[in-house]
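Just below is one structure, and these are the notes that go with it.
The values are calculated or read from the model by the stated rules, or taken from the named source; none is laboratory data. Every value quoted in this text rests on a predicted model; they were computed, and no experiment measured them. With ideal geometry, Cβ positions are generated from the backbone for all residues, glycine too; neighbour counts draw on all protein chains shown.
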Amino acid sequence: MQSVHALVSSTLDYAGLYPPAQLDAATTVRNYAHIHGSPRQWMLGRLVWPVAQLEQLATLAVGHAPEAVLPETHGAWAISCVLSPAGTDEFLEELEQVQDFNEQHEELGNPAMRIDALEMRAPDASAIERALSELPDDMFPYFEIALEGDPRGVIASLVGEQAGAKFRTGGTTPQAHPAAGDLARAMHACASAGVPFKATAGLHRALCHFNTAAGSTQFGFLNVLLGAAFIYNRKCDVEGLTRFLTVGSVEEIEFSDKAMMWHGIRASLEEIEETRSRFVHSFGSCTFDEPWDDLVAMEVVRAVSAGGAA
């Protein structure tokens, strides 16, 4: 379905190393390589990897990632690297490791990978401003922002920058899950300021549901992605977005090739494409199969014999 494809294309940043999956590094690399080479690749985004394990990634990617060739390698892996908090001494040291990694994997014969996105926590606006002055121009940073309280001051420090916010939308404990109203308020603040964002954690399922293992209700990735289209295109207010983030039934959403709609609130294909380009970039997940299987079960993505899609 064209509208669903536009909403979720290249959107799942694979974070197999992280909870609750917490796969070992070798399995994570194999999984990413398998999906990257499959018909399901269209939904796959970056590989999320911690800076402390970059050397291990360089070794494990041999035979899985394509070899670097000049002038440009087709199918090179895009990496989002997780760093220490912005503004710390460790952060500066890790930036050097990132640049060394990129130089190494541009060399002929090495696995073709490039870190083009960075993720880090940001305690306040001053830490973000300092980090922005230190970051290279060819990497897009996402600063993790706390959702409790009013995030507008921190988000304001990203206005006009080639940078985005990162929202933690779940975890392995009830306390790790933000309230729907807090997430809606932060998304609205980003939309109003023209600041893009990515979301991470707890987004394994398409729609809102109760996760027994985590002991909490969790948002779905469709709640966040389609909700972003609604708020970015001014189709609803914070109260409306708060309600949509808790939608758990596919029966409440109308799907067609040209639009998606909830209770009369409509996002057209063109609005969805604009939202993905300018506002909501991706979501992190430690599993690819669960999000994929949910879309297939909802009959908005068609499974084919090899586990791919059409």
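The table below lists the values:
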item	result
Qualifying positions in the range 200-231 - assigned to a loop (DSSP other than H, G, I, E, B) and either among the charged types (D, E, K, R) or within 15 Å of the chain's Cα centre (by Cα) (or both)	Ala201, Gly202, Leu203, His204, Arg205, Ala206, Phe219, Gly220
Number of the exception - Arg302 against (1) at pLDDT below 95; (2) of a type in the set (Lys, Arg); (3) surrounded by 15 or more Cβ atoms within 10 Å (Cβ to Cβ)	(3)
Some residue of the range 147-154 being aliphatic (A, V, I, L, M) and buried (at least 16 other Cβ atoms within 10 Å of the Cβ)	yes
Residue, farthest from Pro19 (Cα to Cα), within the range 173-193, restricted to residues that are more than 18 Å from the chain's Cα centre (by Cα) and not in a helix (DSSP H, G or I)	Ala179
Pairs where the first residue, in the range 1-29, is over 21 Å from Gly75 (Cβ atoms) and the second is of a type in the set (Phe, Trp, Tyr), C-beta under 6 Å, 6+ apart	Met1/Phe255
Residue within the range 56-73 that is touching a Lys or Arg at 6+ places or on another chain (Cβ under 7 Å) and in a strand (DSSP E or B) present	no
Leu47 being under 26 Å from Val296 (Cα atoms) and surrounded by 14 or more Cβ atoms within 10 Å (Cβ to Cβ)	yes
Residues of the range 140-155 that turn out to be at pLDDT below 95 and either in a loop (DSSP other than H, G, I, E, B) or under 17 Å from the mean Cα position of the chain (by Cα) (or both), as a count	7
Output for the range 235-268, where each listed residue is assigned to a helix (DSSP H, G or I) and surrounded by fewer than 19 Cβ atoms within 10 Å (Cβ to Cβ)	Val238, Glu239, Gly240, Arg243, Val250, Glu251, Glu252
In the range 160-172, residue surrounded by the most Cβ atoms within 10 Å (Cβ to Cβ) [restricted to those that are in a loop (DSSP other than H, G, I, E, B) and within 20 Å of the chain's Cα centre (by Cα)]	Thr169
Unmet requirement for Ser133, which otherwise passes all of (1) touching a residue at least 12 places away in the same chain (Cβ under 8 Å); (2) surrounded by fewer than 23 Cβ atoms within 10 Å (Cβ to Cβ); (3) over 19 Å from Pro291 (Cβ atoms)	(1)
Count - residues of the range 29-43 that are more than 17 Å from the chain's Cα centre (by Cα), within 16 Å of Cys286 (Cβ to Cβ) and not hydrophobic (A, V, I, L, M, F, W, C)	3
Complete set of residues in the range 1-57 that are under 24 Å from Gly227 (Cα atoms) and among the hydroxyl-bearing types (Ser, Thr, Tyr)	Ser3, Ser9, Ser10, Thr11, Tyr14
Some residue of the range 40-60 being more than 22 Å from Thr11 (Cα to Cα), touching a residue at least 40 places away in the same chain (Cβ under 8 Å) and not hydrophobic (A, V, I, L, M, F, W, C)	no
